[in-house]
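The values are calculated or read from the model by the stated rules, or taken from the named source; none is laboratory data. On a predicted model such as this, the values are computed, not experimentally measured, just so you know. So basically every Cβ, Gly included, is an ideal-geometry build from the backbone, and we count neighbours across all protein chains shown. Ligands, DNA and RNA are excluded from the accessible area calculation, which covers all protein heavy atoms including side chains. Shrake-Rupley method; radii C 1.70, N 1.55, O 1.52, S 1.80 Å.
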Amino acid sequence: MANLLEIKDLSVSAEEKEILKGVSLTLSENETHVLMGPNGAGKSTLGSTIMGSPEYTVTKGKILFDGEDITELSADKRAKKGIFLSFQNPIEIPGITLSQFLRNAHEQVTGKHTKLWDFKKQLKAAMEVLDMDTSYAERDLNAGFSGGEKKKAEILQLLILKPKLAILDETDSGLDVDAVRTVSKGIDEYKRTTGGLLLVITHNTKILDALKVDKTHILADGAIAAEGGAELVGQVISEGFEKYTKKD
Amino acid sequence: MKEKTVVSDIDRSLYDFRYEEDESEYFDSGLSKEIISAISDEKNDTEWMREFRLKALDIYSKTKMVEWGPSIEGLDVDNIVTYIRQRSRMNTDWSEVPDDIKDTFERLGIPQAERESLAGVGAQYDSELVYHNVRKEVAESGVVYTDLESAMHDEKYADMIREHFMKLVPPTDHKFAALHGAVWSGGSFVYVPKGVKLEIPLQSYFRLNAKGAGQFEHTLIILEEDSYLHFIEGCSAPKYYEAGLHAGCVELFVGKNATLRYSTIENWSKNMYNLNTKRAVVDEGGKIEWVSGSFGSHVSYLYPMSILNGKGASAEFTGITFAGEGQNLDTGAKIVHNAPDTSSYINTKSISKSGGISTFRSAVTVNSNAEGSKSAVNCESLMLDRISRSDTVPVMDIKTDKADIGHEAKIGRISDEAVFYLMSRGLDEESAKAMIVRGFADNVSKELPLEYAVEMNNLIGLEMKGSIG
Ligand SMILES: Nc1ncnc2c1ncn2[C@@H]1O[C@H](COP(=O)(O)OP(=O)(O)OP(=O)(O)O)[C@@H](O)[C@H]1O
Ligand SMILES: [Mg+2]
């Protein structure tokens, strides 16, 4: 299968601090990848850098998407090419309703105008998958949402925007047992209907239950410390990251 | 399809078009007894008004320049033309308004708004009203809506006006109130009789077209017991290099159990000094609701004051100020609780960008006779970049301990994380920022009349253009 995302020897820093140190990854269409690693290893940094966050500076290496070098592209252009990031900490935007915002985003990403009626229908269907009350659509974007509700709202956006690559940054953390199941259902729905590439950043296995994991990467101290198949997830859960982190 | 509204698709060019004036109609610039008397002659002033103007001029020359706000050094009153003779008399039919002036108001959407959503309209062009009209059924209910000059010469209202004119804002209030007293011209007079509730708004639109000139309209509104009125005021001017001056005055008398909603969208060009004074006095159980949007002008001083004189009277102030490059907007709201059980609520947002400065001052006074009163002040400001400034300056003077006073102020910058979040969903930087600003302004723009809310949204979009860098 064709490579969709290639990260080549990527080094990234923020505020003079080097966070990622020569990371290389290759991800193909339709696959499901898991990224694990201790707190502070640089997982969110990697996700944000792929999305194009101006907070991070690429000091070395490049990012290719669909064969094209996107290292210098702004986040909106990457979104339009089909990259999506479910944020570890989604931002609250008061005064803009979730539905207004999503309709706008949908128009931007697809470049097409959808009739309000049709959009509302799509939105309603997606909210059903996620057991979300439709009243959330008319609430301000993430404002006053609980931690779990914010994560559901991220997956709702995923279902509406249908990207080619979805990076899910700890979408499962802070969710109760039922919510994890619902969110997994949403991710599964995305996978089934779009066949998109998933990069799942997580500390748990629950969210992976419904997914067929193709590859696991361990990030420790800003570098890839190990790679393997689905079995690596279980191994990390039982043994921890100790053997990947150098003590000095 | 975007929903079509009365004032849609605004861009700045809409305000910036202008027609050449016939300068022979300009009075000499500056201030002198001769000029003031000439204005009185022109307007056929009554004797008391002639004297009033001259006295105000005297107060003006003896009063020190105001000192509390941003610098107005660039304003030289001696270079301002205070009066421009109008080419035609005031009309009640748009077809009789001179073509270029009519076209100006057409472009601003006024006649259309009048047909669709207003009970009456007044339109002032430079110094004089060119149009004033109310719907027949409104006039029949006893509501008077006309220019102050005509009302003053109407024996039915002459005494009423003399009794109220510049009583709330006396010429001794500050230097520009004195100036206003001397050279005022145009504006509106509204009288709503007891028990009459006007369901649809009246709107006056003030357009300053001449360059290097001043506009000094006077708005006097009297609401009798149990009445209701929504009055909308709009203002704009095209851009010139010469500084312009707006020193209007608004006096509102709200009777027992009456409610007055006073909405303003001010979009003067960015060379204007907007030194405006607005004041309301509210009787027992009455209510004043101010809605105020300040977008234009180079420097603004604007602090509408509500004096709650009757038991249970209340005031609400909802305001938004947007200061861009080269603008210093000093706005605010003043409330005086002067009777028991009065209440006030101030809710404002100020935005600054590209080096603009916006300062919001709230001043709440609770007198010792105002036991059981309540006041809540909520001010938020948002700075869109590092070179802009936004401030809130709350002042409270509470003379009774039997009052419930709350104050909350928040100052913030537009967050890079929020911008990135929206951009990661496909919005370009400009749209992302505009969306955040609109969201910030949302609970204020909801209060604006619909067409102005749309206009404000467009203005925000416009202001955000080219602000990225
Ligand atoms: N903008 C920034 N400025 C400075 N340091 C940063 C910045 N962003 C992240 N870091 C630092 O970089 C390191 C990696 O952070 P990152 O958020 O990528 O970790 P993570 O692997 O996602 O951790 P967790 O599992 O806790 O979410 C941390 O030490 C963090 O403090
Ligand atoms: Mg993280």
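For A:F101, the conditions (1) more than 10 Å from chain B (Cβ to nearest Cβ); (2) more than 19 Å from A:D169 (Cβ to Cβ); (3) in contact with a Leu (Cβ under 9 Å, 6 or more places away or on another chain) are fulfilled apart from (1). Every condition in (1) modelled with pLDDT of 90 or more; (2) closer than 30 Å to B:V364 by Cβ; (3) within 13 Å of another protein chain (Cβ to nearest Cβ) holds for B:V395 except the one numbered (3). Checking each residue in region A:23-41 for being within 13 Å of ligand 2 (Cβ to nearest atom) and open to solvent by 10 Å² or more (accessible area, probe 1.4 Å) picks out A:P38, A:N39, A:G40. Looking only at region A:49-77, residues that are within 16 Å of ligand 2 (Cβ to nearest atom) and closer than 13 Å to A:V23 by Cβ come to 3 in all. Among the residues that make up region B:442-452, is at least one of them assigned to a helix (DSSP H, G or I) and among the aliphatic types (A, V, I, L, M)? Among the residues of region B:442-452, at least one is assigned to a helix (DSSP H, G or I) and among the aliphatic types (A, V, I, L, M), which makes the answer yes.
Do you know which of the residues in region B:167-199 that are at positive phi and open to solvent by less than 10 Å² (accessible area, probe 1.4 Å) is nearest to the chain's Cα centre (by Cα)? Here the answer is B:G187. Just one of the numbered conditions (1) part of a helix (DSSP H, G or I); (2) surrounded by fewer than 20 Cβ atoms within 10 Å (Cβ to Cβ) is not true of B:H407: (1). For region B:234-247, a residue qualifies if it is surrounded by 24 or more Cβ atoms within 10 Å (Cβ to Cβ) and not in a strand (DSSP E or B), and the qualifying residues are B:A237, B:A247.
Within region A:28-45, does at least one residue satisfy the condition of being modelled with pLDDT of 95 or more, more than 25 Å from A:G148 (Cβ to Cβ) and either in a helix (DSSP H, G or I) or in contact with a Gly (Cβ under 8 Å, 6 or more places away or on another chain) (or both)? Yes - at least one qualifying residue is present in region A:28-45. Could you say whether any residue in region A:43-60 is surrounded by fewer than 17 Cβ atoms within 10 Å (Cβ to Cβ) and away from ligand 1 (no atom under 15 Å from the Cβ)? Yes, there is a match, as at least one residue in region A:43-60 is surrounded by fewer than 17 Cβ atoms within 10 Å (Cβ to Cβ) and away from ligand 1 (no atom under 15 Å from the Cβ). Out of all the residues in region B:256-283, which are outside any strand (DSSP E or B) and open to solvent by 10 Å² or more (accessible area, probe 1.4 Å)? Hits for region B:256-283 are B:K256, B:N257, B:K270, B:N271, B:D283. Taking region A:192-224 as the range and being under 30 Å from A:T59 (Cβ atoms) and either open to solvent by 50 Å² or more (accessible area, probe 1.4 Å) or of a type in the set (V, I, T) (or both) as the test, the residues that pass are A:V200, A:I201, A:T202, A:H203, A:D214, A:K215, A:T216, A:I218, A:D221, A:I224. Only a single criterion out of (1) in contact (Cβ under 8 Å) with a residue 40 or more places away in the chain; (2) open to solvent by less than 20 Å² (accessible area, probe 1.4 Å); (3) more than 10 Å from every other protein chain (Cβ to nearest Cβ) is not satisfied by B:A434, namely (1).
Flag not set for A:L123, criterion: within 16 Å of ligand 1 (Cβ to nearest atom), farther than 28 Å from A:D66 by Cα, out of contact with any Asp or Glu (no Cβ under 6 Å at 6 or more places or on another chain) and free of Cβ contacts under 8 Å to residues at least 60 places away in the same chain. For region A:79-95, the set of residues classified as part of a helix (DSSP H, G or I) and more than 7 Å from chain B (Cβ to nearest Cβ) consists of A:K81 only.
Among residues that are more than 12 Å from chain B (Cβ to nearest Cβ), of a type in the set (V, I, T) and under 19 Å from the mean Cα position of the chain (by Cα), A:V129 is included. Within region B:326-351, restricting attention to residues that are open to solvent by 30 Å² or more (accessible area, probe 1.4 Å) and in contact (Cβ under 8 Å) with a residue 40 or more places away in the chain, the residue that is nearest to B:K399 (Cα to Cα) is B:N328.
Among the numbered conditions (1) surrounded by 24 or more Cβ atoms within 10 Å (Cβ to Cβ); (2) within 14 Å of B:A409 (Cα to Cα); (3) among the acidic types (D, E), the only one that B:E380 does not meet is (1). Please indicate, with yes or no, whether at least one residue in region A:95-104 is crowded, with 18+ Cβ neighbours inside 10 Å, at positive phi and not hydrophobic (A, V, I, L, M, F, W, C). Yes, region A:95-104 contains a residue that is crowded, with 18+ Cβ neighbours inside 10 Å, at positive phi and not hydrophobic (A, V, I, L, M, F, W, C). Selection of helices (runs of 4 or more DSSP H) fully inside region B:130-233 by the criterion of at least 1 residues being out of contact with any Pro (no Cβ under 6 Å at 6 or more places or on another chain) and under 27 Å from B:G30 (Cβ atoms) returns B:148-152, B:175-183. Contact map, region A:1-22: first residue open to solvent by 90 Å² or more (accessible area, probe 1.4 Å), second residue among the aromatic types (F, W, Y), Cβ cut-off under 8 Å, separation 6 or more or different chains; the map is empty. Residues in region A:23-42 that are without any contact (Cβ under 8 Å) to a residue 24 or more places away in the chain and near ligand 1 (Cβ under 10 Å from one of its atoms): A:N39, A:G40. Condition test on A:G111, is it in contact with a Pro (Cβ under 9 Å, 6 or more places away or on another chain), within 14 Å of chain B (Cβ to nearest Cβ), over 30 Å from B:S381 (Cβ atoms) and of a type outside the set (A, V, I, L, M)? No. Checking B:S375 against (1) surrounded by 17 or more Cβ atoms within 10 Å (Cβ to Cβ); (2) modelled with pLDDT under 95; (3) more than 14 Å from chain A (Cβ to nearest Cβ), which test does it fail? Of everything listed in (1) surrounded by 17 or more Cβ atoms within 10 Å (Cβ to Cβ); (2) modelled with pLDDT under 95; (3) more than 14 Å from chain A (Cβ to nearest Cβ), B:S375 misses just condition (2). Annotation: of all residues in region B:421-431 being of a type in the set (A, V, I, L, M) and out of contact with any Gly (no Cβ under 8 Å at 6 or more places or on another chain), the one that is nearest to the other protein chains (Cβ to nearest Cβ) is B:L427.
Would you say B:S354 is assigned to a strand (DSSP E or B), under 25 Å from the mean Cα position of the chain (by Cα) and buried (at least 16 other Cβ atoms within 10 Å of the Cβ)? Judged against the criteria, B:S354 is not a match.
If the condition is being touching a residue at least 24 places away in the same chain (Cβ under 8 Å) and open to solvent by less than 30 Å² (accessible area, probe 1.4 Å), then region B:30-44 contributes B:G30, B:I35, B:I36, B:I39, B:K43.
Tally time: how many residues in region A:207-243 are among the hydrophobic types (A, V, I, L, M, F, W, C), over 17 Å from A:A41 (Cβ atoms) and under 18 Å from the mean Cα position of the chain (by Cα)? Going through region A:207-243 one residue at a time, the tally reaches 5. Filtering region B:293-317 to residues that are open to solvent by 10 Å² or more (accessible area, probe 1.4 Å) and among the polar types (S, T, N, Q) leaves B:N309, B:S314.
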